[in-house]
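Step one of this worksheet: look at the structure below.
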Amino acid sequence: MELLTQFIKKEHSFSPETFSDNRDNYFHIAYGTDTNYQMGAAISIASILENNKESTNKYCIHIFTDVISSEYATRMKSISQQYGACILLYTVDEKVLEKLPASTVWPLSIYYRLLAFDFLSEETDKLLYLDSDIICKNNIYELESLELGDSFAAVVPDVDYTQKKNQQRLEIDFQGRYFNSGVILANLHQWKVNDCSTEIFSLIERESDSGKLKYPDQDALNIIFLGHLIYLDRKYNAIFPLKTEFEKKDKNNYKKYISDETIFIHYTGITKPWHVWADYDSSMYFRHIYALTPWKDEEYLRSKSIVEYREEYKHYLYQRCYMKALYALFLYRKEKLFK
(Lines give C-alpha, C1' and ligand atoms only; values in the text may rest on other atoms or scores of the structure.)
Protein backbone atom coordinates (compact mmCIF):
# COMPACT_ATOMS: atom_id res chain seq x y z
CA MET A 1 0.00 0.00 0.00
CA GLU A 2 2.81 2.42 0.84
CA LEU A 3 4.36 1.66 -2.55
CA LEU A 4 1.10 2.42 -4.37
CA THR A 5 0.73 5.84 -2.78
CA GLN A 6 3.79 6.84 -4.82
CA PHE A 7 2.10 5.84 -8.08
CA ILE A 8 -1.58 6.58 -7.50
CA LYS A 9 -2.72 10.15 -6.98
CA LYS A 10 -6.19 11.29 -6.03
CA GLU A 11 -6.87 14.13 -8.46
CA HIS A 12 -10.52 14.97 -7.77
CA SER A 13 -13.10 14.20 -5.10
CA PHE A 14 -16.72 15.15 -5.67
CA SER A 15 -19.11 14.66 -2.75
CA PRO A 16 -22.61 16.03 -2.10
CA GLU A 17 -23.04 18.07 1.07
CA THR A 18 -25.12 15.25 2.57
CA PHE A 19 -22.09 12.93 2.59
CA SER A 20 -20.08 12.63 5.79
CA ASP A 21 -16.49 11.53 6.30
CA ASN A 22 -17.82 8.36 7.96
CA ARG A 23 -18.09 5.92 5.07
CA ASP A 24 -19.38 2.90 6.99
CA ASN A 25 -22.65 2.86 5.05
CA TYR A 26 -21.04 3.49 1.68
CA PHE A 27 -21.10 0.89 -1.07
CA HIS A 28 -17.84 1.16 -2.98
CA ILE A 29 -17.56 0.65 -6.74
CA ALA A 30 -14.39 0.93 -8.84
CA TYR A 31 -13.41 1.22 -12.50
CA GLY A 32 -10.01 0.95 -14.15
CA THR A 33 -9.83 2.66 -17.53
CA ASP A 34 -7.64 4.58 -19.93
CA THR A 35 -8.79 7.65 -21.84
CA ASN A 36 -10.38 5.50 -24.59
CA TYR A 37 -12.93 4.08 -22.15
CA GLN A 38 -13.47 7.00 -19.78
CA MET A 39 -16.78 8.00 -21.31
CA GLY A 40 -17.96 4.39 -21.12
CA ALA A 41 -17.13 4.30 -17.41
CA ALA A 42 -19.08 7.53 -16.87
CA ILE A 43 -22.21 6.14 -18.57
CA SER A 44 -21.84 2.90 -16.62
CA ILE A 45 -21.73 4.89 -13.38
CA ALA A 46 -24.81 6.90 -14.38
CA SER A 47 -26.66 3.66 -15.18
CA ILE A 48 -26.02 2.34 -11.67
CA LEU A 49 -27.10 5.57 -10.01
CA GLU A 50 -30.19 5.88 -12.23
CA ASN A 51 -31.37 2.36 -11.38
CA ASN A 52 -30.58 2.44 -7.66
CA LYS A 53 -32.12 5.64 -6.37
CA GLU A 54 -33.88 3.82 -3.52
CA SER A 55 -30.77 2.13 -2.12
CA THR A 56 -30.25 2.45 1.63
CA ASN A 57 -26.53 2.78 0.96
CA LYS A 58 -24.68 5.77 -0.40
CA TYR A 59 -22.41 5.15 -3.37
CA CYS A 60 -18.72 5.93 -3.39
CA ILE A 61 -17.30 5.43 -6.87
CA HIS A 62 -13.60 5.31 -7.71
CA ILE A 63 -12.15 5.74 -11.21
CA PHE A 64 -8.49 4.81 -11.79
CA THR A 65 -7.20 6.14 -15.10
CA ASP A 66 -4.12 7.47 -16.90
CA VAL A 67 -4.98 11.10 -17.68
CA ILE A 68 -7.86 13.28 -16.52
CA SER A 69 -8.87 16.33 -18.55
CA SER A 70 -10.57 19.29 -16.91
CA GLU A 71 -13.60 18.66 -19.12
CA TYR A 72 -13.93 15.06 -17.94
CA ALA A 73 -13.58 16.12 -14.31
CA THR A 74 -16.30 18.75 -14.77
CA ARG A 75 -18.66 16.20 -16.30
CA MET A 76 -18.05 13.70 -13.51
CA LYS A 77 -18.73 16.43 -10.96
CA SER A 78 -22.04 17.05 -12.74
CA ILE A 79 -22.96 13.34 -12.46
CA SER A 80 -22.01 13.40 -8.77
CA GLN A 81 -24.34 16.34 -8.17
CA GLN A 82 -27.11 14.95 -10.38
CA TYR A 83 -27.36 11.69 -8.44
CA GLY A 84 -25.94 12.60 -5.03
CA ALA A 85 -23.00 10.20 -5.20
CA CYS A 86 -19.38 10.48 -4.17
CA ILE A 87 -17.04 10.17 -7.17
CA LEU A 88 -13.25 10.09 -6.85
CA LEU A 89 -10.80 10.28 -9.76
CA TYR A 90 -7.26 8.92 -9.53
CA THR A 91 -4.33 8.95 -11.95
CA VAL A 92 -2.00 5.97 -12.21
CA ASP A 93 1.70 6.27 -12.93
CA GLU A 94 2.26 3.21 -15.11
CA LYS A 95 5.88 2.92 -13.99
CA VAL A 96 4.52 0.69 -11.22
CA LEU A 97 3.40 -1.75 -13.93
CA GLU A 98 6.41 -1.58 -16.26
CA LYS A 99 7.47 -5.20 -15.63
CA LEU A 100 4.11 -6.58 -16.74
CA PRO A 101 3.26 -7.68 -20.30
CA ALA A 102 1.21 -5.27 -22.43
CA SER A 103 0.17 -4.83 -26.06
CA THR A 104 -2.18 -2.78 -28.21
CA VAL A 105 -4.86 -5.37 -27.44
CA TRP A 106 -4.12 -5.52 -23.71
CA PRO A 107 -2.73 -2.14 -22.55
CA LEU A 108 -1.36 -1.63 -19.05
CA SER A 109 -4.73 -0.24 -17.98
CA ILE A 110 -6.06 -3.83 -17.69
CA TYR A 111 -4.06 -4.05 -14.46
CA TYR A 112 -5.70 -0.99 -12.91
CA ARG A 113 -8.35 -3.21 -11.31
CA LEU A 114 -5.61 -5.01 -9.38
CA LEU A 115 -4.17 -1.69 -8.21
CA ALA A 116 -7.67 -0.60 -7.18
CA PHE A 117 -8.09 -3.71 -5.02
CA ASP A 118 -4.81 -3.03 -3.26
CA PHE A 119 -5.25 0.72 -2.92
CA LEU A 120 -8.83 0.58 -1.60
CA SER A 121 -8.25 -2.34 0.78
CA GLU A 122 -7.33 0.26 3.40
CA GLU A 123 -10.74 1.92 3.01
CA THR A 124 -13.30 -0.87 2.63
CA ASP A 125 -13.65 -4.64 3.01
CA LYS A 126 -15.97 -5.03 0.01
CA LEU A 127 -15.65 -3.52 -3.45
CA LEU A 128 -17.60 -3.99 -6.67
CA TYR A 129 -15.31 -3.75 -9.69
CA LEU A 130 -16.87 -3.22 -13.14
CA ASP A 131 -15.44 -2.92 -16.64
CA SER A 132 -16.26 0.30 -18.48
CA ASP A 133 -18.37 -1.45 -21.12
CA ILE A 134 -20.97 -2.58 -18.60
CA ILE A 135 -24.42 -1.06 -18.20
CA CYS A 136 -26.63 -1.53 -15.16
CA LYS A 137 -30.23 -2.40 -16.04
CA ASN A 138 -31.79 -3.11 -12.61
CA ASN A 139 -31.05 -2.51 -8.95
CA ILE A 140 -28.04 -4.09 -7.25
CA TYR A 141 -29.49 -4.33 -3.74
CA GLU A 142 -28.73 -8.07 -3.41
CA LEU A 143 -25.08 -7.46 -4.26
CA GLU A 144 -24.86 -4.67 -1.71
CA SER A 145 -26.04 -6.98 1.08
CA LEU A 146 -24.19 -10.14 -0.05
CA GLU A 147 -21.90 -11.50 2.68
CA LEU A 148 -18.62 -12.80 1.28
CA GLY A 149 -17.39 -14.55 4.40
CA ASP A 150 -14.00 -16.17 3.77
CA SER A 151 -14.44 -16.14 -0.02
CA PHE A 152 -12.08 -13.97 -2.04
CA ALA A 153 -14.82 -12.70 -4.35
CA ALA A 154 -18.23 -13.26 -5.93
CA VAL A 155 -18.02 -13.69 -9.70
CA VAL A 156 -19.88 -14.93 -12.78
CA PRO A 157 -18.52 -17.84 -14.87
CA ASP A 158 -17.55 -16.89 -18.41
CA VAL A 159 -19.67 -18.02 -21.35
CA ASP A 160 -19.67 -21.71 -22.21
CA TYR A 161 -17.63 -21.54 -25.41
CA THR A 162 -14.63 -20.05 -23.57
CA GLN A 163 -14.55 -22.58 -20.73
CA LYS A 164 -13.00 -25.55 -22.55
CA LYS A 165 -10.43 -23.41 -24.38
CA ASN A 166 -9.25 -21.68 -21.20
CA GLN A 167 -9.10 -24.93 -19.27
CA GLN A 168 -6.95 -26.58 -21.96
CA ARG A 169 -4.71 -23.54 -22.33
CA LEU A 170 -4.07 -23.12 -18.61
CA GLU A 171 -4.07 -26.89 -17.90
CA ILE A 172 -6.33 -26.38 -14.88
CA ASP A 173 -9.70 -28.02 -14.23
CA PHE A 174 -11.98 -25.07 -13.53
CA GLN A 175 -15.04 -27.36 -13.74
CA GLY A 176 -16.76 -24.89 -16.06
CA ARG A 177 -16.28 -22.04 -13.62
CA TYR A 178 -13.53 -19.97 -15.19
CA PHE A 179 -14.91 -16.48 -14.55
CA ASN A 180 -15.05 -13.27 -16.53
CA SER A 181 -13.29 -10.47 -14.65
CA GLY A 182 -15.60 -7.69 -15.88
CA VAL A 183 -17.74 -8.03 -12.76
CA ILE A 184 -16.03 -8.83 -9.45
CA LEU A 185 -17.46 -8.28 -5.98
CA ALA A 186 -14.13 -8.44 -4.19
CA ASN A 187 -13.48 -9.27 -0.56
CA LEU A 188 -10.69 -6.79 0.10
CA HIS A 189 -10.17 -8.09 3.62
CA GLN A 190 -9.18 -11.48 2.22
CA TRP A 191 -7.25 -9.76 -0.58
CA LYS A 192 -5.11 -7.99 2.02
CA VAL A 193 -4.77 -10.85 4.51
CA ASN A 194 -3.72 -13.32 1.80
CA ASP A 195 -1.49 -10.81 -0.02
CA CYS A 196 -3.23 -11.65 -3.29
CA SER A 197 -1.63 -8.78 -5.18
CA THR A 198 1.89 -10.14 -4.65
CA GLU A 199 0.82 -13.61 -5.80
CA ILE A 200 -1.01 -12.32 -8.87
CA PHE A 201 1.67 -9.90 -10.05
CA SER A 202 4.37 -12.54 -9.47
CA LEU A 203 2.40 -15.08 -11.50
CA ILE A 204 1.94 -12.64 -14.40
CA GLU A 205 5.65 -11.74 -14.42
CA ARG A 206 6.71 -15.42 -14.34
CA GLU A 207 4.44 -16.34 -17.23
CA SER A 208 5.01 -13.20 -19.31
CA ASP A 209 7.26 -15.00 -21.82
CA SER A 210 5.41 -18.31 -21.98
CA GLY A 211 2.28 -16.96 -23.68
CA LYS A 212 0.23 -19.17 -21.38
CA LEU A 213 -1.72 -16.24 -19.93
CA LYS A 214 -3.73 -15.05 -22.92
CA TYR A 215 -5.75 -12.68 -20.73
CA PRO A 216 -3.03 -11.82 -18.19
CA ASP A 217 -4.99 -10.25 -15.34
CA GLN A 218 -8.12 -12.37 -15.78
CA ASP A 219 -6.18 -15.62 -16.06
CA ALA A 220 -4.11 -14.79 -12.97
CA LEU A 221 -7.20 -13.90 -10.94
CA ASN A 222 -8.82 -17.20 -11.93
CA ILE A 223 -5.76 -19.18 -10.89
CA ILE A 224 -5.22 -17.45 -7.53
CA PHE A 225 -8.93 -17.24 -6.60
CA LEU A 226 -9.75 -20.85 -7.56
CA GLY A 227 -11.49 -22.63 -4.67
CA HIS A 228 -12.26 -19.39 -2.84
CA LEU A 229 -15.21 -18.04 -4.82
CA ILE A 230 -18.94 -17.45 -4.68
CA TYR A 231 -20.61 -17.86 -8.08
CA LEU A 232 -23.34 -15.44 -9.11
CA ASP A 233 -26.17 -15.83 -11.59
CA ARG A 234 -25.61 -14.90 -15.25
CA LYS A 235 -27.85 -11.86 -14.74
CA TYR A 236 -24.92 -10.15 -13.03
CA ASN A 237 -22.73 -10.39 -16.13
CA ALA A 238 -24.85 -10.87 -19.25
CA ILE A 239 -22.14 -11.00 -21.89
CA PHE A 240 -23.33 -9.73 -25.27
CA PRO A 241 -20.93 -9.03 -28.17
CA LEU A 242 -22.58 -6.57 -30.56
CA LYS A 243 -20.97 -8.38 -33.50
CA THR A 244 -23.61 -11.07 -33.06
CA GLU A 245 -26.02 -8.60 -34.65
CA PHE A 246 -24.46 -9.14 -38.10
CA GLU A 247 -23.40 -12.73 -37.36
CA LYS A 248 -26.87 -13.97 -36.37
CA LYS A 249 -28.85 -11.53 -38.56
CA ASP A 250 -31.73 -11.65 -36.09
CA LYS A 251 -32.90 -8.40 -34.54
CA ASN A 252 -34.33 -10.30 -31.55
CA ASN A 253 -31.24 -12.42 -30.89
CA TYR A 254 -30.06 -10.14 -28.07
CA LYS A 255 -33.10 -11.18 -26.00
CA LYS A 256 -31.44 -14.56 -25.49
CA TYR A 257 -28.73 -12.73 -23.55
CA ILE A 258 -30.53 -9.74 -22.05
CA SER A 259 -33.75 -10.39 -20.10
CA ASP A 260 -36.03 -8.48 -17.76
CA GLU A 261 -34.02 -9.88 -14.84
CA THR A 262 -30.60 -8.83 -16.18
CA ILE A 263 -28.64 -6.62 -13.78
CA PHE A 264 -25.45 -5.95 -15.76
CA ILE A 265 -25.11 -6.03 -19.55
CA HIS A 266 -21.51 -6.56 -20.62
CA TYR A 267 -20.91 -5.32 -24.17
CA THR A 268 -17.76 -7.28 -25.03
CA GLY A 269 -15.85 -7.08 -28.31
CA ILE A 270 -14.63 -4.30 -30.58
CA THR A 271 -17.98 -2.62 -31.23
CA LYS A 272 -19.46 -0.82 -28.25
CA PRO A 273 -22.90 0.78 -27.91
CA TRP A 274 -21.21 4.19 -27.99
CA HIS A 275 -20.06 3.65 -31.58
CA VAL A 276 -22.04 5.46 -34.23
CA TRP A 277 -22.62 2.27 -36.25
CA ALA A 278 -24.03 0.32 -33.25
CA ASP A 279 -27.59 1.37 -34.04
CA TYR A 280 -29.46 -1.63 -32.62
CA ASP A 281 -32.20 -2.28 -30.10
CA SER A 282 -29.58 -4.09 -28.01
CA SER A 283 -27.71 -0.77 -27.60
CA MET A 284 -30.73 1.06 -26.23
CA TYR A 285 -29.87 0.31 -22.59
CA PHE A 286 -26.64 2.27 -22.97
CA ARG A 287 -28.11 4.98 -25.18
CA HIS A 288 -31.01 5.68 -22.84
CA ILE A 289 -28.55 6.49 -20.04
CA TYR A 290 -26.24 8.37 -22.40
CA ALA A 291 -29.09 10.81 -23.05
CA LEU A 292 -29.25 11.60 -19.31
CA THR A 293 -25.59 12.60 -18.96
CA PRO A 294 -23.36 15.56 -19.90
CA TRP A 295 -22.55 13.68 -23.14
CA LYS A 296 -26.16 13.80 -24.36
CA ASP A 297 -25.59 16.46 -27.04
CA GLU A 298 -22.53 14.73 -28.53
CA GLU A 299 -22.52 12.32 -31.43
CA TYR A 300 -21.58 8.72 -30.77
CA LEU A 301 -17.95 7.84 -31.44
CA ARG A 302 -16.50 7.07 -34.88
CA SER A 303 -13.81 4.56 -35.82
CA LYS A 304 -10.22 5.36 -34.87
CA SER A 305 -8.37 2.12 -35.60
CA ILE A 306 -7.99 -0.50 -38.30
CA VAL A 307 -9.96 -3.11 -36.33
CA GLU A 308 -12.80 -0.65 -35.79
CA TYR A 309 -12.94 0.27 -39.50
CA ARG A 310 -13.26 -3.41 -40.37
CA GLU A 311 -16.01 -4.00 -37.83
CA GLU A 312 -17.83 -0.82 -38.86
CA TYR A 313 -17.83 -2.06 -42.46
CA LYS A 314 -19.45 -5.36 -41.48
CA HIS A 315 -22.14 -3.68 -39.40
CA TYR A 316 -23.06 -1.15 -42.09
CA LEU A 317 -23.13 -3.91 -44.71
CA TYR A 318 -25.61 -5.86 -42.58
CA GLN A 319 -27.66 -2.68 -42.03
CA ARG A 320 -27.71 -2.11 -45.82
CA CYS A 321 -26.03 1.26 -45.40
CA TYR A 322 -23.88 0.56 -48.43
CA MET A 323 -22.25 3.97 -48.90
CA LYS A 324 -21.20 4.05 -45.23
CA ALA A 325 -19.95 0.48 -45.55
CA LEU A 326 -17.84 1.33 -48.61
CA TYR A 327 -16.36 4.37 -46.89
CA ALA A 328 -15.44 2.27 -43.83
CA LEU A 329 -13.87 -0.32 -46.16
CA PHE A 330 -11.88 2.43 -47.90
CA LEU A 331 -10.55 3.70 -44.56
CA TYR A 332 -9.73 0.16 -43.48
CA ARG A 333 -7.69 -0.55 -46.64
CA LYS A 334 -6.01 2.83 -46.45
CA GLU A 335 -4.99 2.21 -42.84
CA LYS A 336 -3.78 -1.27 -43.68
CA LEU A 337 -1.75 -0.03 -46.63
CA PHE A 338 0.17 2.51 -44.56
CA LYS A 339 0.50 0.41 -41.44
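The values are calculated or read from the model by the stated rules, or taken from the named source; none is laboratory data. From a predicted model like this one, the values you see are computed outputs, not experimental measurements. Cβ: placed from backbone, ideal geometry, glycine included. Neighbour counts: every protein chain shown. The area values use the complete protein model at the heavy-atom level, side chains included, leaving out ligands, DNA and RNA. Shrake-Rupley method; radii C 1.70, N 1.55, O 1.52, S 1.80 Å.
Once C-alpha pairs closer than 8 Å and six or more residues apart are averaged by separation and normalised to the residue number of the range 1-160, the relative contact order reads 37 percent.
At the listed q of 0.12, 0.15 Å⁻¹, the Debye profile of the chain, built from one uniform point per Cα, gives log10 I(q)/I(0) equal to -0.90, -1.43.
Placing pseudo-labels 7 Å out from each Cα toward the beta carbon at Glu142 and Glu17 gives an inter-label distance of 3.9 nm. Note on exposure: Lys336, Lys99 ranked by accessible area (1.4 Å probe, complete protein assembly) read Lys99, Lys336, with the most exposed listed first. Write down the percent of antiparallel bridges among all DSSP beta bridges whose residues are both part of the chain, to the nearest 5. Just about 45 percent of them are antiparallel.
Taking the range 143-227, how much of its Cα-Cα pair set, in percent, is spaced more than 17 angstrom apart? So the portion of pairs separated by more than 17 Å is 48 percent. Suppose we look only past 13 Å in the calculated P(r) of the range 79-135. What percent of the Cα-Cα pairs does that tail hold? Tail of the P(r) past 13 Å holds 72 percent of the pairs.
Backbone phi angles across the range 294-304, fed through the Karplus curve with coefficients 6.51, -1.76 and 1.60 (θ = phi - 60°), yield HN-Hα couplings of x, 8, 4, 8, 9, 5, 4, 6, 9, 4, 10 Hz in residue order; Gly and Pro are listed as x.
Label sites at Lys339 and Ser70, each approximated as a point 7 angstrom past Cα along Cα to Cβ, lie 3.8 nm apart. With viscosity set to 1.002 mPa s and temperature to 20 °C, compute the Stokes-Einstein D of the range 98-205, Rh being the Kirkwood radius across alpha carbon pairs; µm²/s, no decimals. My calculation gives 138 µm²/s for D. Applied to the range 98-111, the Karplus parametrisation 6.51 cos²θ - 1.76 cosθ + 1.60 on θ = phi - 60° returns per-residue 3J(HN,Hα) values of 5, 8, 8, x, 8, 7, 5, 6, 10, x, 4, 5, 5, 8 Hz, with x for Gly and Pro.
For the range 21-151, which whole-number percentage of the solvent-accessible area (1.4 Å probe, protein heavy atoms only) is attributable to carbon and sulfur atoms? In the range 21-151, the share of accessible area belonging to carbon and sulfur is 42 percent. Dividing the convex hull volume of the alpha-carbon atoms in the range 187-314 by its residue count gives 179 Å³ per residue. As a length-normalised measure over Cα pairs under 8 Å and 6 or more apart, the relative contact order of the range 226-286 settles at 38 percent.
Normalised per residue, the accessible area of the range 179-310 is 45 Å², obtained with a 1.4 Å probe and no contribution from ligands, DNA or RNA.
Return, in residue-number order, each cysteine of the chain whose C-beta is not under 4.7 Å from any other cysteine's C-beta. Result for the chain is Cys136, Cys196, Cys321, no neighbouring Cys Cβ within the cutoff. By a 1.4 Å probe calculation restricted to protein chains, Val105 has an accessible surface near 100 Å², given to the nearest 10.
Close amide H partners of Leu229, meaning residues 5 or more places away or on another chain with modelled amide H under 5 Å apart, are Phe152.
Amide H to amide H, with H built 1.01 Å from N, Asp34 comes under 5 Å of no residue 5 or more places away or on another chain.
Legend: residue pairs Lys77/Lys251; Lys296/Lys324; Lys255/Lys336; Lys137/Lys334; Lys95/Lys256; Lys58/Lys212, Cα-Cα distance threshold 32 Å; pairs beyond threshold, Lys77/Lys251; Lys255/Lys336; Lys137/Lys334; Lys95/Lys256; Lys58/Lys212. Straight-line cross-link partners of Lys10 among the aspartates and glutamates, defined as a Cα under 19 Å from its Cα and at least 8 positions apart when in the same chain: Glu2, Asp21, Asp34, Asp66, Glu71, Asp93, Glu94, Asp118, Glu122, Glu123.
Size descriptors for the range 1-138 (Cα atoms only): Rg and Dmax, in that order, 14.5, 44 Å. Since only Gln175, Tyr327, Tyr231 are under comparison, the one whose Cα sits farthest along the positive direction of the charge dipole of the chain, derived from C-beta charges on Lys, Arg, Asp and Glu, is Tyr327. Based on C-alpha pairs under 8 angstrom that are at least 6 apart in sequence, the chain has a relative contact order of 17 percent. To the nearest 10, the accessible area of Arg113 is 20 Å² with a 1.4 Å probe. The accessible-area ordering, largest first, of the residues Cys196, Cys321 stands as Cys321, Cys196, per a 1.4 angstrom probe.
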